[in-house]
1. Could you please find all residues in region 110-128 being surrounded by 14 or more Cβ atoms within 10 Å (Cβ to Cβ), touching a strand residue (DSSP E or B) at 6+ places or on another chain (Cβ under 6 Å) and without any contact (Cβ under 8 Å) to a residue 60 or more places away in the chain?
2. Find the residue count for region 100-109, including only residues that are surrounded by fewer than 16 Cβ atoms within 10 Å (Cβ to Cβ) and either modelled with pLDDT under 80 or touching a strand residue (DSSP E or B) at 6+ places or on another chain (Cβ under 6 Å) (or both).
3. Give the residues of region 160-185 that are free of Cβ contacts under 8 Å to residues at least 12 places away in the same chain and touching a helix residue (DSSP H, G or I) at 6+ places or on another chain (Cβ under 9 Å), sorted by residue number.
4. Which residue is farthest from residue 183 (Cα to Cα), if the candidates are limited to region 67-90 and must be surrounded by fewer than 12 Cβ atoms within 10 Å (Cβ to Cβ) and in contact (Cβ under 8 Å) with a residue 12 or more places away in the chain?
5. What pairs can you find where one residue is in region 129-154 and modelled with pLDDT of 75 or more, the other is not in a loop (DSSP other than H, G, I, E, B), and their Cβ atoms are less than 7 Å apart, with a gap of 6+ or different chains?
6. Have a look at 145, 136, 165 and point out the one that is assigned to a loop (DSSP other than H, G, I, E, B) and loosely packed, with under 11 Cβ neighbours inside 10 Å.
7. Among (1) exposed (fewer than 12 other Cβ atoms within 10 Å of the Cβ); (2) within 17 Å of residue 31 (Cβ to Cβ), where does residue 179 come up short?
């Protein structure tokens, strides 16, 4: 297996860790998130002639062999069994079986991170949408956090207008955060330190795309 990580491939999969803080050479502190990323294995390379588009499929993590179905085993063949498979559009000559690690990033790079946010269950309008609620006096009893009127019959013909902000399920959405800076890269421990916060709870799968 060859490592061709430098051939235009600028994406990585990892798991979110805890948050910390980092001091630069001037003593300025920055909040940071620890990401354990890679190594990735290239499981398929798609091209325009055969597939109609160019893309790279990669595998991350390990899965028990007996939990992988036969079609997927035939697809992966001798590469192993992976917990996650993802595909990215990439114009690269990387080969099937190549190993990609976090050395594709250097401190100072700007990246885009996507992950599923924390699920918060069913929430009211104050927490979900930031409503102020009603006044805290003048006869209020137990309606301080109520949504209030949603428009009545004259606004939308007696129905609830589409897009009305109401109570409901909150969180568990795919969130993308752009322009996070790579602060540190530790290839030996497969650890990235990214500036700022990353969506999700510790252990959440995160996708990291290079932007420069």
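The values are calculated or read from the model by the stated rules, or taken from the named source; none is laboratory data. These numbers come from a predicted model, not from an experiment. Methodologically, a virtual Cβ is constructed for each residue, glycine included, from the backbone with ideal geometry; neighbour enumeration extends over all protein chains shown.
1. Residues satisfying the conditions are 123, 128.
2. So the first thing to find is which residues in region 100-109 are surrounded by fewer than 16 Cβ atoms within 10 Å (Cβ to Cβ), and the list is 103, 106-108.
Of the ones still in play, those that are also either modelled with pLDDT under 80 or touching a strand residue (DSSP E or B) at 6+ places or on another chain (Cβ under 6 Å) (or both) are 107.
Final tally of qualifying residues: 1.
3. 161, 162
4. Among them, the one singled out is 67.
5. Here the result reads 131/125; 133/126; 145/126; 147/125, each pair linking region 129-154 to a residue that is not in a loop (DSSP other than H, G, I, E, B).
6. Unique residue meeting the criteria: 136.
7. Condition not satisfied by residue 179: (1).
Yes/no matrix, rows are residues, columns are (1) in contact (Cβ under 8 Å) with a residue 40 or more places away in the chain; (2) assigned by TED's automatic domain parsing to the domain that holds residue 197; (3) crowded, with 16+ Cβ neighbours inside 10 Å; (4) closer than 18 Å to residue 179 by Cα:
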position: 22; (1), (2), (3), (4): yes, yes, no, yes
position: 38; (1), (2), (3), (4): yes, yes, yes, no
position: 41; (1), (2), (3), (4): yes, yes, yes, no
position: 48; (1), (2), (3), (4): no, yes, no, no
position: 52; (1), (2), (3), (4): no, yes, no, no
position: 56; (1), (2), (3), (4): yes, yes, yes, no
